[in-house]
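Written below as structure tokens is the structure these notes are about.
The values are calculated or read from the model by the stated rules, or taken from the named source; none is laboratory data. Because the structure is a prediction, the values reported are computed rather than measured. Cβ coordinates were reconstructed from backbone atoms using ideal geometry, including for glycine residues, and neighbour counts include every protein chain displayed. Each accessible area value is taken on the protein alone, full model and side chains, heavy atoms only, with ligands, DNA and RNA left out. Shrake-Rupley method; radii C 1.70, N 1.55, O 1.52, S 1.80 Å.
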Amino acid sequence: MINSTNVFFVIPNPIFNHVYCRSYHNFTKEDSSYLYITLLLNLYEIFSSVLPKEDLFLCLDNRDQEIVSGDTFSPFLLKNVLFFDEATFTNDYVSLFDKKNPGAKNFIFVRPKFVGLTTPDILQIFDLLLLEDNVLIFKKSLHKKIVLFATNKFHRDILSLLQKNNFVADSTLKKLCALDYQLYKLKNVFSLAHVNDFKELYQMLSRKENYNCCSKQMHDRFTHLFIEYKELL
Amino acid sequence: MERVGIFGGTFDPIHIGHLITAQSLLEIRKLDKIIFIPCFISPHKLLTQNSDPQHRLEIVKLSIQYQKQFACSEIELNRKDVSFTIDTVRELKKQYDYIDLIIGFDNLIVFDTWKEPDELFKLTHVVVMKRIIDKGIEYKHQYYEMATIIKTPYVELSSSYIRKRVRHNLHIDFMVTHAAKKYILQNNLYR
């Protein structure tokens with residue numbers, strides 16, 4: 001089961017290349033990059049605790065390619081880092097996944113600007129993927145966007161629909177109903193979109209029940225930003 | 001004390017797989033009655049474009065008409081709103097002291113995401129239908145051990161397959177009851 005699952009982390013804007021990284025609120029470009037990389041690293045770490053890194057793929061903007069070197073990329077398996085131009089992210093998501101391992105049956109798509117996923121959540125997704133029916137599993141953010149979906153039967157229309165509907169959960173799910181899948185909506189996760197979200201992230205990570213959402217090392221990375229931008233808390 | 005099992009679902013349409021499973025549970029759990037409860041909109045099957053609720057209800061009624069230990073409830077359809085199982089159970093508890101809440105194995109996997117799962121265990125006996133094709137699970141939340149898992153017959157049939165066959169003008173004999181088939185065709189459903 002585990003060997004037949006591919007996970008794609010899709011980040012359609014540069015996050016490693018400071019020059020092009022979009023700023024989060026009043027953060028410097030460097031800190032914005034640090035924030036987005038931390039969100040990605042955190043999810044990557046959680047997934048790599050249950051899957052081999054060979055099955056984890058990163059789909060990044062071409063502009064990030066300039067800095068694929070050094071320590072920043074050391075947690076990732078370089079051969080699984082794929083680069084795409086902006087047009088692909090805008091018009092042709094489907095082509096991203098032509099790179100997937102042909103032996104993989106299951107497919108998980110992640111837009112890694114969120115926290116709140118835990119190892120048990122991933123195991124729960126695997127359990128649903130094992131069902132005999134064709135399943136589509138979703139996690140949406142509190143901002144009502146789809147941030148993760150998984151399926152045991154990949155269909156190009158799923159990605160096209162998600163992209164056309166800008167990942168807005170309600171409109172996308174309505175259209176996905178036309179496809180013959182059992183849909184499962186799992187617990188929502190917390191995403192960073194607005195300035196107030198930073199404060200909420202701080203509050204969320206401070207609560208004991210959320211300790212398993214990130215490792216100590218990731219927590220330290222977030223804490224660095226909480227200190228740096230304490231006026232937002 | 002009357003022992004009832006409640007069996008919810010979209011039933012779009014109800015097919016012989018549902019009926020065989022229900023009959024099996026009736027016997028294994030020594031129930032007096034099984035109540036089929038077609039849902040209005042299942043919160044776990046988000047926004048699925050179900051056929052008209054009245055058609056689904058009528059097909060259930062026609063399909064169970066000769067089995068006196070099977071009944072049908074319109075409780076969720078009448079609510080005309082998102083149905084949560086806990087609301088249905090609370091309503092039915094006014095009538096029945098003993099309730100088996102019958103759920104599929106897939107629902108056990110996500111049971112911790114249901115509304116008020118602890119309360120459901122207090123009010124009912126949660127009975128999980130596990131088919132031979134259902135595999136073990138990796139993530140065992142606290143409810144896994146609390147549920148009663150029953151091995152049920154596996155009929156490789158789904159409502160979506162039936163709808164697809166109707167859409168392609170293929171026979172659905174032996175997949176739904178004769179009365180259900182007649183109703184589907186007369187009302188031109190699933191075209």
Next item on the list: Run the numbers on the stretch B:122-164: which residues show a drop of 40 Å² or more in accessible area, chain on its own versus all protein chains together, using a 1.4 Å probe over heavy atoms?
Entry: B:LYS135, B:GLU138, B:TYR139
Margin query: Show log10 I(q)/I(0) for chain B at q = 0.08, 0.09, 0.19 Å⁻¹, two decimals, from a solvent-free Debye sum over equal Cα scatterers.
Written below: -0.25, -0.32, -1.48
Next item on the list: Just check the stretch A:1-89 against the gyration tensor rule for me: Cα atoms, a ≥ b ≥ c as the square roots of the eigenvalues, rounded for a/c under 1.5, and otherwise prolate or oblate depending on whether a/b exceeds b/c.
Entry: prolate
Next item on the list: Specify the inter-centroid distance of the stretch A:59-91 and the stretch B:80-149, based on alpha-carbon positions, in whole Å.
Entry: 44
Next item on the list: Would you mind checking the tilt of helix B:16-28 against the longest principal axis of the Cα atoms of chain B, expressed as 0 to 90 degrees and rounded to 10?
Entry: 30
Margin query: What are the ³J(HN,Hα) couplings of the stretch B:99-116, residue after residue, when phi is run through the Karplus curve with 6.51, -1.76, 1.60 and θ = phi - 60°? Round to Hz, x for glycine and proline.
Written below: 10, 8, 8, 8, 10, x, 4, 4, 6, 5, 4, 9, 4, 5, 8, 6, 6, 6
Checklist line | chain B: relative contact order in percent, alpha carbon pairs under 8 Å with at least 6 residues between | finding: 26
Notebook entry, point to check: Rounded to the nearest whole Å², what accessible area per residue is found for the stretch B:1-104 with the 1.4 Å probe?
Noted result: 43
Item checked: Neighbouring partner chain Cβ atoms per residue of A:174-187, average, 10 Å criterion -> 4
Item checked: Relative contact order (%) - chain A, alpha-carbon pairs under 8 angstrom, separation at least six -> 22
Next item on the list: Work out from phi, with θ = phi - 60° and the Karplus expression 6.51 cos²θ - 1.76 cosθ + 1.60, the ³J(HN,Hα) of each residue of the stretch B:63-73, listed in order in whole Hz, and give x for Gly and Pro.
Entry: 6, 9, 4, 9, 10, 5, 8, 9, 9, 9, 10
Notebook entry, point to check: If you take the square roots of the eigenvalues of the alpha-carbon gyration tensor of the stretch B:97-143 and sort them as a ≥ b ≥ c, do you get rounded (a/c under 1.5), prolate (a/b over b/c) or oblate?
Noted result: oblate
Check: Amide H to amide H under 5 Å from B:THR10: which residues, 5+ apart in sequence or cross-chain, H placed 1.01 Å off N in plane?
Finding: B:CYS39
Check: Can you pull the mean other chain C-beta count within 10 Å for peptide A:122-128?
Finding: 6
Margin query: Tell me the total accessible area that B and A bury against each other, 1.4 angstrom probe, in square angstrom rounded to 100.
Written below: 2100
Note to self: In Å², and per residue, what accessible area does chain A have when probed at 1.4 Å with the other protein chains present?
What the structure shows: 43
Notebook entry, point to check: Carbon-plus-sulfur fraction of the accessible area of chain B, 1.4 Å probe, in percent?
Noted result: 50
Next item on the list: In debye, nearest 20, what is the charge dipole magnitude of chain A about its Cα centre with +1 on Lys and Arg Cβ and -1 on Asp and Glu Cβ, if you could check?
Entry: 500
Margin query: Can you tell me how the protein assembly as shown classifies by the Cα gyration tensor, rounded, prolate or oblate, using a/c under 1.5 as the rounded cut?
Written below: prolate
Next item on the list: Take peptides B:104-110, A:129-135 and line them up by average Cβ neighbours within 10 Å, highest first, as a rough protection proxy.
Entry: B:104-110, A:129-135
Notebook entry, point to check: When the accessible area of chain A is split by element with a 1.4 Å probe, what percent falls to carbon and sulfur?
Noted result: 50
Checklist line | Relative packing of peptides B:121-128, B:162-169 - highest average C-beta neighbours within 10 Å first | finding: B:121-128, B:162-169
